[in-house]
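The values are calculated or read from the model by the stated rules, or taken from the named source; none is laboratory data. Keep in mind the model is a prediction, meaning the values are calculated, not measured. Cβ placement follows ideal geometry from the backbone for every residue including glycine, while neighbour counts extend to all protein chains displayed. Only protein heavy atoms, including side chains, enter the accessible area calculation; ligands, DNA and RNA are left aside. Shrake-Rupley method; radii C 1.70, N 1.55, O 1.52, S 1.80 Å.
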Amino acid sequence: MIKLALPFLFLVFSTFSNCNKETTLTPAAVSQAEIPVSGGKTNKAPKNIILCIGDGMGLGQITGGLYSNSNKLELERFPVIGLHKNHASNKLITDSAAAATAFSCGKKTYNGAIGVDSEKRPCKTVLEMAQEKGMATGLVTTSTIVHATPASFAAHQPQRRMYEEIALDMSDSGVDYMVGGGKKFFDRREDERDLLEEMRNAGYTISDYFEEDFSKTKIPLQGKFGFLTADNDPLPLSQGRKYFKRAALSALPFLHSRSDNGFFLMIEGAQIDWGGHSNEGDYIVSELLEFDEILGKVLDFAAREGNTLVVVTADHETGGYSIIGESKMDSLEVKFTTGYHSATMVPVFAYGPGSEEFSGIYDNTAIFDKLVKLRGL
Ligand code: MG
Ligand code: ZN
């Protein structure tokens with residue numbers, strides 16, 4: 001045993017010391033890691049941040065999308081990959097509210113919390129910090145705009161189901177570009193206020209699915225913009241939802257033109273999670289592939305601009321989804337272990353200035369920490 005162990009130990013130690021050497025950045029390594037710009041400076045700090053959240057998008061779901069799409073995904077273009085630990089402050093299995101608040105505020109909080117800490121105190125979000133820096137901001141989702149994930153960036157409420165209170169926060173948030181469902185929470189409320197009218201009076205161009213198809217709506221060249229894509233939840237892609245791609249991609253030039261200080265945009269593929277809750281593999285895959293197509297275009301934008309950090313992650317895995325049995329690339333046999341979320345770590349993909357910070361394993365709250373540090377918020 002000793003004879004066998006010694007060479008092994010030597011290997012471990014020599015590998016370890018090599019690693020050490022590599023992490024000590026030599027001047028050459030530094031200049032390689034940074035993206036040179038004119039004037040001899042480096043632009044390691046991103047100007048724009050695009051955070052893309054695939055709700056319920058674990059590695060299983062990504063693999064399902066990959067094999068269902070002839071073994072290719074836009075996600076494969078991301079050079080940096082990490083994993084995050086997504087437990088909530090009060091439960092090992094997180095919900096989307098606690099998980100999104102971890103991203104938005106950098107705090108572990110309880111399930112159901114919308115932009116509040118574990119003591120129910122409002123916490124300043126990365127979106128609000130971006131606004132304070134004069135950045136333009138946007139939220140695009142395939143759920144209602146008052147749903148846990150988008151809400152946690154621009155609202156502060158103790159419970160995710162307080163949709164009318166969340167709508168009031170959102171209407172007052174000053175977010176420049178908002179697209180998602182949930183019209184009824186804005187214009188048919190207990191307090192009888194018409195928040196959409198109030199937003200128009202505050203300078204928004206507001207339209208909705210009832211007035212016109214999103215594909216026909218004129219996205220204004222000036223001012224803020226909101227579009228409500230459904231009265232309640234938007235449809236699944238497979239049942240005719242059409243707005244997501246245009247809404248997400250139009251946000252890029254819109255926000256880009258609004259501020260010289262860059263922008264913060266959150267794009268959510270919300271219904272990957274809903275396919276997981278209903279244990280429907282096809283629902284997961286169709287939603288994931290549309291999200292992935294959008295990621296490809298977002299990457300193209302970031303590659304052109306050169307100063308845009310793109311981070312893609314999930315809030316948690318949903319369904320305990322696995323690919324099993326006699327699966328083939330084009331016909332997957334899948335099984336689920338739950339109708340709720342699972343505790344498994346989920347991946348993080350990053351591209352652009354500062355992206356290397358996202359490799360490794362860390363808490364979901366570190367996503368906030370990294371974004372704030374990199375952008376100087
Ligand atoms: Mg969500
Ligand atoms: Zn869920």
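Figures for the structure shown
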read-out	value
Gain in span if fully extended, R121 to K242, counting 0.36 nm per residue against the direct Cα distance	39.8 nm
L289 accessible area, 1.4 Å probe, all protein chains in place, Å² to nearest 10	40 Å²
Additional length obtainable on full extension of the chain from L92 to N201, 0.36 nm per residue less Cα span	34.8 nm
Charge-dipole axis of the chain as Lys and Arg at +1 and Asp and Glu at -1 on Cβ define it, positive-most pick from P234, Q131, T337	Q131
Tensor-based shape of the range 239-302 (alpha-carbon gyration tensor, a/c under 1.5 rounded, otherwise prolate or oblate)	prolate
Gap separating the Cα centres of the range 44-60 and the range 334-377, nearest whole Å	8 Å
Accessible surface of the range 248-298 [probe 1.4 Å, protein heavy atoms]: carbon and sulfur percent	46 percent
Net length gained if the chain between L221 and D300 were fully extended (0.36 nm per residue, minus Cα distance)	26.2 nm
For the range 220-269, size of Cβ-based charge dipole, Lys and Arg +1, Asp and Glu -1, in debye	180 debye
Entries in K85/K107; K72/K216; K133/K370; K108/K245 that, when Cα-Cα distance is taken, lie over 24 Å	K72/K216; K108/K245
The chain - Rg (one decimal) and Dmax (whole number), Cα, Å	21.5, 81
Cα gyration tensor shape for the range 296-342, rounded if a/c is under 1.5, else prolate or oblate	oblate
FRET efficiency, 1/(1 + (r/R0)^6) with R0 56 Å, evaluated for D260 and E192 via beta carbons	0.90
Fraction of antiparallel bridges per DSSP, the chain only, in percent to nearest 5	35 percent
Carbon and sulfur %, accessible surface of the range 103-230 computed with the full protein complex present, 1.4 Å	46 percent
The range 83-138, dipole about Cα centre (Lys/Arg Cβ +1, Asp/Glu Cβ -1), debye to the nearest 20	140 debye
Rounded to whole Å, sorted largest first: equivalent-ellipsoid semi-axes of the range 242-377, Cα gyration tensor	30, 19, 13
Label-zone membership for the range 55-91, site S331, 7 angstrom Cα→C-beta point, backbone N under 19 Å	64-71
Given the chain, longest segment not containing exposed loop trypsin sites (Lys or Arg not before Pro) (DSSP; at most 16 other Cβ within 10 Å)	243-377
In the range 178-225, chymotrypsin sites (Phe, Trp or Tyr not before Pro) in a DSSP loop with at most 14 other beta-carbon atoms within 10 Å	F210
Dipole magnitude of the chain about its Cα centre (Cβ charges: Lys, Arg +1; Asp, Glu -1), debye to nearest 20	1140 debye
Within the chain, longest stretch clear of exposed GluC sites (Glu not before Pro) (DSSP loop, no more than 16 other Cβ within 10 Å)	213-377
Computed helical MRE - 222 nm, the chain, DSSP H runs ≥ 4 contributing -39500 (n - 2.57), nearest 500	-11500 deg cm²/dmol
Whether the range 69-182 is rounded, prolate or oblate, judged on the alpha carbon gyration tensor where a/c under 1.5 counts as rounded	oblate
